[in-house]
Amino acid sequence: MYACIDIGGTAIKVAVSDKLGNLKSKSKLKVKDNFEELSNDVANWIKDMKKEYEIEGLAISSPGAVDSKSGIVGGDSAVKCIHGPNLKEIFKEKTGLNVSIENDANCAALAEVLSGNARGAKDMMFLVCGTGIGGAIVKDGKIHKGKHLYGGEFGCMIMEEEDGKYRNFSECASTMSFVRKVRKHYKDDSYDGERIFKEASEGNEICIDAINTFYKNLAKGIFNLQHIYDPEIIVIGGGISSREGFVERINSEIKEIRESIDIKTIEPKLDICVHKNDSNLIGALANYLNEYN
């Protein structure tokens with residue numbers, strides 16, 4: 001069995017897993033601003049789990065620009081205290097276990113390859129559509145990080161220019177892209193995604209236009225990603241991916257794009273994330289198994 005942890009902005013998800021990704025004893029720990037306190041909480045949880053399970057290793061999913069080899073998390077995230085310390089060394093010292101660590105979006109991708117909708121795929125992309133756009137690239141069954149650990153940072157991709165300012169994929173096609181548009185029009189910050197979809201279904205033209213633009217931009221970005229890398233499948237995660245007809249709508253928009261240009265293009269194979277809120281835990285396990293088995 002393996003101890004798996006997913007460090008998030010509001011909580012640390014924890015669970016024990018077998019090699020197949022079957023999670024047991026799922027729970028949450030409070031995120032601490034002090035790394036010594038945070039790491040002690042994790043170590044104490046593992047100590048408790050060892051009373052019930054034979055724990056072989058610790059698998060960590062983390063935000064930020066994760067250097068899996070060194071164990072140091074660069075970049076920035078909502079959990080400031082994890083940036084700087086060597087997580088691999090510290091957790092190994094505190095727990096006596098071998099430790100693996102990987103970026104959370106990369107973990108979500110590995111979870112889909114292990115036992116989700118990309119099971120068995122050698123080359124795939126994972127796209128997370130939430131408050132921003134994130135993602136991961138899997139090449140030959142392994143995460144491709146790139147020279148500066150920016151592999152999979154799809155949200156940085158430039159999509160258009162507006163009023164002399166370049167707008168990236170996150171600004172154009174995240175869930176917040178259409179929320180911001182509606183809020184700006186009504187000067188009302190109470191609008192959220194759920195309300196906008198509801199009012200669109202009732203005929204609100206402002207909401208309908210915002211949603212249509214969102215889908216067109218998301219389809220445009222996915223079309224570009226398919227032709228940059230040509231993966232076997234692109235799996236999409238994030239809360240909005242659970243909406244009925246989500247993939248079908250993107251496919252419809254991509255069909256329009258393909259029909260409007262004169263060159264031969266590829267139709268992406270799209271699907272949604274299977275593991276939902278457990279993705280990062282299961283992917284952390286998959287990363288551990290890739291490193292130590």
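Odds and ends about this structure:
- Cross-chain or 6+ apart pairs with Cβ under 8 Å, the stretch 270-293 first and within 20 Å of residue 232 (Cα to Cα), then hydroxyl-bearing (Ser, Thr, Tyr) and part of a helix (DSSP H, G or I): 272/241; 272/242; 273/241; 273/279; 274/115; 275/115
- Residue 211 vs. criteria free of Cβ contacts under 8 Å to residues at least 40 places away in the same chain, over 21 Å from residue 112 (Cβ atoms), open to solvent by 50 Å² or more (accessible area, probe 1.4 Å) and hydrophobic (A, V, I, L, M, F, W, C): no
- Residues in the stretch 252-281 that are closer than 13 Å to residue 115 by Cα and assigned to a loop (DSSP other than H, G, I, E, B): 273, 274, 275.
- Within the stretch 214-251, tally of residues that are open to solvent by 60 Å² or more (accessible area, probe 1.4 Å), modelled with pLDDT of 95 or more and in a loop (DSSP other than H, G, I, E, B): 2
- Scanning the stretch 188-213 for residues that are of a type outside the set (D, E, K, R) and in a loop (DSSP other than H, G, I, E, B) gives 190, 191, 203, 204.
- Filtered residue count, the stretch 161-183, keeping only those that are open to solvent by less than 10 Å² (accessible area, probe 1.4 Å) and either in a helix (DSSP H, G or I) or free of Cβ contacts under 8 Å to residues at least 12 places away in the same chain (or both): 6
- Those residues of the stretch 4-28 which are of a type in the set (A, V, I, L, M, F, W, C) and surrounded by 13 or more Cβ atoms within 10 Å (Cβ to Cβ), in sequence order: 4, 5, 7, 11, 12, 14, 15, 16, 23
- Residue ID - modelled with the highest pLDDT, chosen from residues in the stretch 112-146 that are open to solvent by 50 Å² or more (accessible area, probe 1.4 Å) and part of a strand (DSSP E or B): 139
- Any pair with Cβ under 6 angstrom, 6 or more apart, that starts in the stretch 249-264 at a residue that is closer than 17 Å to residue 211 by Cα and ends at one that is open to solvent by 60 Å² or more (accessible area, probe 1.4 Å): 253/216
- Among the residues making up the stretch 136-162, those that are farther than 21 Å from residue 218 by Cα, out of contact with any strand residue (DSSP E or B) (no Cβ under 7 Å at 6 or more places or on another chain) and not basic (Lys, Arg) are 140, 141, 146, 148.
- Leading residue by the ranking (modelled with the lowest pLDDT) among those in the stretch 82-104 that are open to solvent by 20 Å² or more (accessible area, probe 1.4 Å) and part of a helix (DSSP H, G or I): 104
- Selection count, the stretch 21-43, where residues are at pLDDT 95 or above and touching a Ser or Thr at 6+ places or on another chain (Cβ under 6 Å): 2
The values are calculated or read from the model by the stated rules, or taken from the named source; none is laboratory data. This structure is a prediction, so every number in the text was calculated from the model and none was measured. Because the Cβ atoms are built from the backbone with ideal geometry, glycine has one as well, and the counts that use them run over all protein chains shown. Accessible surface is based on the protein model in full, side chains and every heavy atom, while ligands, DNA and RNA are left aside. Shrake-Rupley method; radii C 1.70, N 1.55, O 1.52, S 1.80 Å.
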